[in-house]
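Working notes, beginning with the structure itself.
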Amino acid sequence: MRIPLLAVILVAVTATALGATGQRNAAYWYREAFQRFRRLRASVPPPVLREDLARVTAYVHDPSAAPAEELRGFLARLDPALGMVRRASARRDHDFDLDYAQGPRIPLPHLSDLQILGRCLAADARVRLHDGDPATAARHLAAVYRMADHARRDRLVRSALSGQSLFSTADRVTRHALDRGAFGPVECGILLDALGRLDPSDPFGLAAGIASERAITMPWYREHYGGDGGLERLRGDLEDFGIDAEKQAAFATMTQEELDASILDAERVMHQVIAAIGLGDPSQTYHELVRLDRQIATGLHGAFAHAVLPEHAPMYARMRRIARDVTDRRALLESITDGRADRFVTANAGVWYLRAIGLLGQLEKAQRDEVRQFTEQPAQPIDAGLAETLQQSDPILDLVRQAAWFPRCDLSVARPRHPAGVSPYHGPIRDLARLLHADVVRCVRIEDYAGAVDRLAASLCLAAHLSRDGRLVSSRLAQVIFDETVALLRPGLDAGLFGEDERARLRRCADRFDDRDPFGFTVAAEAERDELRAWIGARVGATDVDTKRRIGEALDECDGDQLLALAITVGVVVSADTPVAFDSALDDVLDPGSMAEIRRRASDLRAVIASARFHELPELGAVPVAQIESHRRGAVRRVRRSVSVIYGEDEPLPWATGHADNDFTWP
């Protein structure tokens, strides 16, 4: 990524002489929006405004939330300002006429207002989606994408970071819509057009911003702090620049000559940073920036560089991630726009499951317990209470049955950001499977065999989705659901009640399981190991190769059972202030006694990590909470035998573990 430095300097130091003026300039309309927002802000008490803005942020970040009336009211009052924002975003020309002569003191008040209004516009887009108006939602999100593009035009690092943040805000809601299959070719085309302005290699101009800031700030620093009296002026300004006391101390005994030399050292290392960004190889660039950041942090490039320069490697890494997100989003939008992909094929089944879980939470605990008890012995009669629960659960089952047929399932949005072993969705999904199985029995009792097959197929697809979740509890849960589904399926197969259409449907479900690792135990173990390695490394501040190696070696010794136990223990450690309540819905998946033992070992894990006794991790994880290894070993053969019978082959179907001793039969 080579930057024409001379061009950047000329553009950055001088305000745009031929830039857009008046109403052709997006900045004109943004200022109109800011004035309307300030009038609203002045009309309400500050605590109320803070509550409104916090409600907006929470709504944008929570994919399962419904829009509260207070949120709708706030967005309605803000609409005049948002209308100006949408008008501004539609302008191609954009110039806030910044005073670059002020160097590092350039006032950028518009960035915070852009962030707030962009977030509110994204929230309004989500409300439109909720109300069934995807076209307006797409137009609002496209406006936020264009706001992100406008932010980069300032040619400053802070503006580039602001553009990245605006993109991420809009893209969060776009993912929400795409996951639900809400955007078709028209809506995707609107979004694609907005993203078309961005440079795929550096969408928000971070590299140009770094070069521009060097050209703007370094001459300013030399002019204001070089020569006679410069040191005293700097000492008076350090606090204004947000320099902490430790870094300020370096200037207490410094001479003016030393300061002059230190400013030149800072300028030289900035040249090295810009050269590193221009290397063209992202991996090489990142490692070179890490090296330079470490040198700056240790004072190798002088006290001035240490005081005023930011860390460049993390900014570059984030820029690369955002660039990949932009590229991926464009590719997906293009595929839907030109008809190569169906929006429901690209939708996320996980969103449907989470919506079903939300409805499941509205059932009384006694109702869920009744379903659990029934599915343990499905040959028993369906009493009036259970029949009413199943009827009440129709909307839940409809969501699960719809989700089952989507190829893609991503539940990561509902997963903790740290190792936990058990995620909040695991227990409810176990109960969703039980609801499906209870409804299978209801359908069989009334001789609705097509309905029974529909629910059995959904159960198999649910298990297949869980097998690709990359978590060991999900893998074991997938196996349990598969086994219980096969146990319910067997009597219908034995009785010859399935026609070719029903068998074909079941075959399509069976084909979703990987022949070599049908429940994803291997992939899940690696994912758990990687997450534990990263968490423990961050916990001990592992920056040296030896510490990282010792953590890796200890975790490499752990099998699936040990990795799961360690992950659950970490979850207990992280949630020490709010003790984890393990869902009893998983009592047939996770041994309650082992879970209690893990709670007792949480303090041991803290001690092992604190003293860097990483070699003790395998022993600490020796708690057979789910018998992962024993279940994994027999999985392939068991699934192959079950699938062979679904395909109509003669190999006998094995009994499944869930209902091996029940007397359930199909009429």
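Derivation of every value follows stated rules applied to the coordinates shown; laboratory data play no part. The structure displayed is predicted, hence computed values, not measured ones. As a convention, Cβ positions derive from the backbone with ideal geometry for all residues, glycine included, and neighbour counts pool all protein chains shown.
Once both labels are positioned 7 Å from their Cα atoms along Cα-to-Cβ, the gap between Asp556 and Gln256 label points is 6.0 nm.
Identify the residues of segment 492-509 with backbone N under 18 Å of a label point that sits 7 angstrom from the Cα of Phe664 along the Cα-to-Cβ direction, or state none. Taking a point 7 Å out along Cα→Cβ of Phe664, the residues of segment 492-509 whose backbone N falls under 18 Å are 492-498, 506.
In this label model, Arg324 and Ile382 are separated by 4.7 nm, measuring between points 7 Å along each Cα→Cβ vector. Along segment 605-612 the Karplus relation, 6.51 cos²θ - 1.76 cosθ + 1.60 evaluated at θ = phi - 60°, assigns HN-Hα couplings of 5, 4, 5, 4, 5, 4, 9, 6 Hz to successive residues, with x for each Gly and Pro. Here the chain is scanned for GluC sites (Glu not before Pro) in DSSP loops (not H, G, I, E, B) that have at most 15 other Cβ atoms within 10 Å, and the longest stretch holding none of them is 1-238. Over the Cα atoms of segment 145-238, Rg to Rh with Kirkwood Rh, two decimal places? Over the Cα atoms of segment 145-238, Rg/Rh equals 1.25.
Report relative contact order for the chain in percent, whole number only (criteria: Cα-Cα under 8 Å, sequence separation at least 6). Computed over the chain, the figure is 11 percent. Axis of helix 500-510 versus longest Cα principal axis of the chain: the two differ by about 50°, to the nearest ten degrees.
What the Cα atoms of segment 56-148 give is an Rg and a Dmax of 15.1, 49 Å. For segment 254-318, with the dipole built from +1 on Lys and Arg beta-carbon atoms and -1 on Asp and Glu ones, taken about the Cα centre, which of His301, Gln256, Gly278 lies farthest toward the positive end? It is Gly278. Orientation-averaged projection of segment 446-514 equals 4.5 nm² [convex hull of Cα atoms, one quarter of hull surface area]. Residues of segment 154-178 with backbone nitrogen within less than 18 Å of a virtual label 7 Å along the Cα-to-Cβ line of Phe241, please, listed as ranges. Flagged as within label range: 157-158. Shape analysis of segment 360-518 yields a ratio of the Cα radius of gyration to the Kirkwood radius, Rg/Rh, of 0.96.
Computed from backbone phi with θ = phi - 60° and the Karplus coefficients 6.51, -1.76 and 1.60, the 3J(HN,Hα) list for segment 514-528 is 5, 4, 8, 8, x, 10, x, 4, 5, 5, 5, 4, 5, 5, 5 Hz; x is used for glycine and proline.
In order along segment 388-399, the Karplus-derived 3J(HN,Hα) couplings, from 6.51 cos²θ - 1.76 cosθ + 1.60 at θ = phi - 60°, round to 5, 4, 5, 5, 5, 8, 3, x, 5, 5, 4, 5 Hz, and Gly and Pro are given as x. Along its principal axes, segment 497-622 has C-alpha extents of 64, 34, 22 angstrom, given from the largest down. Only helices enter the 222 nm calculation for the chain: every DSSP H run of n ≥ 4 contributes -39,500 (n - 2.57), and dividing by all residues gives -22000 deg cm²/dmol, rounded to 500. Around the amide H of Arg408, modelled in the peptide plane, lie the amide H atoms of Ala349, all under 5 Å away and 5 or more residues distant in sequence or on another chain.
Which one of Ala450, Pro310, Ala101 is farthest out on the positive end of the charge dipole of the chain, using unit charges on Cβ (Lys, Arg +1; Asp, Glu -1) and the Cα centre as origin? Going by the Cα projections, it comes out as Ala101. Computed over Cα pairs, the Kirkwood radius of segment 64-222 leads via Stokes-Einstein (0.890 mPa s, 25 °C) to a diffusion coefficient of 149 µm² per second. At q = 0.15, 0.20, 0.24 Å⁻¹, what is the base-10 log of I(q)/I(0) for segment 304-418 according to the Debye formula with one equal point scatterer per Cα and no solvent? Please give it to two decimals. Per q value, in the given order, log10 I(q)/I(0) is -0.87, -1.16, -1.30. Beyond 45 Å, what percent of the Cα pairs of the chain remain? So the portion of pairs separated by more than 45 Å is 34 percent. Under a 5 Å amide H cut-off, with hydrogens placed 1.01 Å from N, Asp93 pairs with Ala26 among residues at least 5 apart or on other chains. Evaluated at q = 0.14, 0.17, 0.18, 0.23 Å⁻¹, a Debye calculation over the C-alpha positions of segment 28-93 (equal weights, vacuum) places log10 I(q)/I(0) at -0.48, -0.68, -0.74, -1.01. Model label points for Arg268 and Glu70, set 7 angstrom from Cα along the Cα-to-Cβ axis, are 5.7 nm apart. Taking only alpha carbon atoms, segment 219-259 gives an Rg to Rh ratio of 0.94, where Rh is the Kirkwood radius. Taking the centroid of alpha carbons for each part, segment 198-244 and segment 362-415 are 60 Å apart.
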